[in-house]
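Here is the structure we will look at.
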Amino acid sequence: MSKLVISAIGPASSVQDGGRYGAQRYGLTPSGAMDRLALATANSLVGNATFAAAIEIGPFGAKFTVREGAVRIALAGASRNADISGRAVVSNTSTTMADGETLTLGFARGGCFSYLAIEGGIAGEPMFGSLAVNARAGLGSPYPRPLQAGDELQAAPASGAAENRIDLPPPVDGPIRVVMGPQDDEFGDAKALFLDREWKISSASDRMGYRLEGPVIKHLHGHNIVSDGTVNGSVQVPGNGQPIVLMPDRGTSGGYPKIATLITADLGRFAQIPAGTGFRFKAVSMAEAQAEARKFSEMLRTLPDRLRPIDNFALNIEALRDANVAGAAVSAVDAGTWQIPSPADTPAHD
Amino acid sequence: MAATLSPPRLLPSGDSAITVEFSRSVDEVANQRVLALDRTLARETITGITETVPTYRSLLVHYDPVQIDFDTLSGKLVTLALLPVPPVTKMRRWRIPVAYGGEHGIDLEDVARTLKSTPENIVARHVAGDYRVAMIGFTPGWSYLSGLDASLQMPRLQNPRLVTPAGTISIGGVQTGVQCLAGPSGWHLLGRTAVRTYQLHRDPIFLLEPGDAVTFSAVDARTFAEQDRAAAAGEIVAELMTS
């Protein structure tokens, strides 16, 4: 086994996958990746199952060092400066790290979360079918908590497969789309205010919920309802009139009225909006939301069809091993091994 | 002769879940209909439903919009929700030991004062209750019970506590609850139980099911400490009776 040693990592970074389902009736929230498209993209690039566990990296920088063999990885999600022992790493491509090499990631730019997928996935013991970290419930593997410097993840030795890039569909922009309800009838004129005005995400946001700052959304009959079930993307409005959008670590039930619910296709895009950046909501019909959900699901399912070989250079595991033996020296013969051509910093989907 | 059932409200919770709402308030009859529909859906497999979450007054039905759309599923749910509620033939009944008052229930004295009673009398009334698990939610194993003696109903705290202990037994509004993990709460803390309603690496991981009957029994602090050790080692500690 090779391993990936975490030499440095910021808060809000943890192992996440598609999430754990089936126990919300017992109060166990699904957790899982904040941006499922980015998770799926990183996984597809290294040949993993779409929602295999990967490292979700929060807005701050991180450093990973490979030990005891080569490891093949891919990075997707928020743009950030990334290099492996000096050579630039391009988002949305796969690459192979030789034994001893260090991947250094800068702060997220124009997004919040990046996903680092490891070929073969992350070794761990699933609970309820998932490795995703849910620290409050003591769940997550190999560590039931956010990652810390010094943690080690077991990884399969790199296969030596040809490296890939991926042709993603053009990123969706524009307002974050919602379906009104389930309790929009608890609000009067405030519904128009919710849809017409600009919102910002507060820095007091986390994997449980994103707090919004904007106009005060007033309730018609007070802010206490009898608790009922929540979903990812529920927009609940507490007494202070500043909505909270529930994220994958949400409580499974809540006692504030929910004015609207984000559409599935926009959950990841919303999760990537940095604190302080303005955005708007737009109400869409159920038919449109479901058509978008089906399209999104189909896109995730067919991501592997979007892989393209990185063809203008040869990245070859033997060359990497040789190079490693030779230390940091880069031979003219192997130059291609060390320079991933990056005609332009591939924009992340956010 | 069954009374005619009112149709539930079907509320969209985004593109992948429907809230089937039987009432807007805490209502015993509505909760029975929620649990009945939940049992029906467990029996009659509807392709596309991925998970159901019963709450006091509504059933949240998660589904995959790739497999079934809102209108089709709504139609099926309304039909099933209007079926007569079958009588519950078998009910699990748990007796949960509680150390009331003192360091285990720091609000007992205050509750007694507010309700112009004594701590002993508050405990007696809480222990006399015959409760049902109306829903489990918020955090793993947090079990909300209906059936609280009306004389024990109190408004929630103005300022919720950020941390309350694991195993807390508390009252808030018309409800009483068994809290499993340490966490925030705005309820009044009457005592603690050693029973873990959620415990990893134990079979079952989740002890209580929505619809289960629950009674409490008072134990002293020493018994609590012994039971807490046993429970930490994986014992269930609660007594299970079937009626």
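Readers should treat all values here as calculations from the given coordinates under stated rules, not as data from a laboratory. The model shown is predicted, which means the values in this text are computed figures rather than measured ones. Please note: Cβ atoms are built from the backbone with ideal geometry, for glycine as well, and neighbour counts cover all protein chains shown.
Quick one: go through the stretch B:204-221 and flag any residue whose amide nitrogen is under 20 Å from the point 7 Å out along the Cα-to-Cβ line of B:T242.
B:204-215
Per DSSP helix of 4 or more residues, -39500 (n - 2.57); summed, then divided by the residues of chain A. What does that give at 222 nm, rounded to the nearest 500? Don't jump to the answer; show the numbers that get you there.
Values: 6 runs with 51 residues, N = 350.
For chain A, the value works out to -4000 deg cm²/dmol.
With θ taken as phi - 60° and the coefficients 6.51, -1.76 and 1.60, list the Karplus ³J(HN,Hα) couplings across the stretch A:277-282 in order, rounded to whole Hz; mark glycine and proline as x.
Result, rounded to whole Hz: 8, x, 7, 10, 9, 9.
Starting from the Cα of A:K295, draw a straight line to each of the lysines and keep only those under 30 Å, dropping any in the same chain fewer than 8 residues away.
Partners within reach: A:K191, A:K200, A:K258, A:K282, B:K76.
With viscosity set to 0.692 mPa s and temperature to 37 °C, compute the Stokes-Einstein D of the stretch A:1-81, Rh being the Kirkwood radius across alpha carbon pairs; µm²/s, no decimals.
Approximately 236 µm²/s, per Stokes-Einstein.
Just need the relative contact order of the stretch B:1-95 here, percent rounded to a whole number, with Cα pairs under 8 Å and 6+ apart.
31
Modelling each spin label as a point 7 Å along the Cα-to-Cβ direction, I'd like the A:A204/A:R67 distance in nm, to one decimal.
Distance between the two pseudo-spin positions: 4.1 nm.
With labels modelled as points extended 7 Å from the Cα through the Cβ direction, what inter-label distance (nm, one decimal) is found for B:V29 paired with B:D110?
Simple spin-label model gives 3.7 nm for this pair.
Once you place label points 7 Å from the Cα toward the Cβ at B:R9 and A:R197, how far apart are they in nm?
Label-label distance for B:R9 and A:R197, simple model: 2.5 nm.
Quick check: the angle from helix B:28-43's long axis to the longest principal axis of chain B, C-alpha only, nearest 10 degrees?
Taking the Cα atoms of chain B, the angle to B:28-43 is about 60 degrees.
Averaged over peptide A:286-294, how many Cβ atoms belonging to another chain are found within 10 Å of each residue's Cβ?
5
Given N residues in the protein assembly as shown, what is its alpha carbon radius of gyration divided by 2.2 N^0.38 Å?
Normalised Rg, Cα atoms only: 1.05.
Which of the lysines could a cross-linker bridge to A:K3, judged by Cα under 30 Å and excluding same-chain residues fewer than eight apart?
Once the sequence-local lysines are set aside, what remains near A:K3 is A:K63.
Using the C-alpha gyration tensor of the stretch B:9-81, what are the square roots of 5 times its eigenvalues, in whole angstrom, with the largest one first? Present the calculation step by step, with values, prior to reporting the outcome.
Numbers: eigenvalues 76, 32, 19 Å².
They are 19, 13, 10 Å, listed largest first.
Report the calculated FRET efficiency for A:V172 and B:V127 (r = Cβ-Cβ distance, R0 = 56 Å), to the nearest 0.05.
0.45
Given axes a ≥ b ≥ c from the Cα gyration tensor, I'd like to know whether the stretch A:130-202 is rounded (a/c under 1.5), prolate (a/b larger than b/c) or oblate.
Because a/c hits 1.5 or more and a/b fails to exceed b/c, the stretch A:130-202 counts as oblate.
Under a 10 Å cutoff between Cα atoms, tell me which one of A:F51, A:F194, A:F113 has the largest fluctuation in the Gaussian network model of chain A.
Result: A:F194 has the largest fluctuation of those listed.
With a 10 Å Cβ neighbour count serving as the proxy for reagent exposure, in which order, fewest first, do B:R39, A:R109 appear?
A:R109, B:R39
As I understand it, the value is the acute angle between the Cα axis of helix B:70-81 and the longest principal axis of the Cα atoms of chain B; what does it come to in degrees, rounded to 10?
It works out to around 60 degrees.
Which whole-percent values make up P(r) of the stretch B:48-165 when all C-alpha to C-alpha distances are grouped in 10 Å steps starting at zero?
P(r) for the stretch B:48-165, in whole percents per bin: 9, 29, 29, 17, 12, 3.
For the stretch A:64-127 and the stretch A:216-268, what is the centre-to-centre distance using only Cα atoms, to the nearest Å?
So the two Cα centres are separated by 34 Å.
Per residue, what volume in Å³ does the Cα convex hull of the stretch A:130-253 take up?
With only Cα atoms used, the stretch A:130-253 gives 175 Å³ per residue.
Find the relative contact order for chain A and round it to a whole percent, using C-alpha pairs within less than 8 Å whose residues are 6+ positions apart.
Computed over chain A, the figure is 21 percent.
Using the Cα atoms of chain B, I'd like the radius of gyration and the largest Cα-Cα distance, Dmax, both in angstrom.
So, for chain B, Rg and Dmax equal 19.2, 58 Å respectively.
With helices defined as uninterrupted DSSP H runs, which ones in chain A have an alpha carbon span along their own long axis of at least 30 Å and mean Kyte-Doolittle hydropathy of at least 0.5?
Span-like helices in chain A: none at all.
Using only Cα atoms, find the angle between the long axis of helix B:221-232 and the longest principal axis of chain B, and express it within 0 to 90 degrees, rounded to the nearest 10.
Once rounded, the angle reads 40 degrees.
If you average the sequence gap of Cα pairs under 8 Å that are 6 or more apart and divide by the length of the stretch A:176-300, what percent do you get for the contact order?
Over the stretch A:176-300, the number comes to 36 percent.
Pop out the Kirkwood hydrodynamic radius of chain A from its pairwise C-alpha distances, inverse of mean 1/r, in Å to one decimal. Before the final figure, lay out the partial values.
Details: mean 1/r = 0.0476 Å⁻¹.
Radius from the Kirkwood sum: 21.0 Å.
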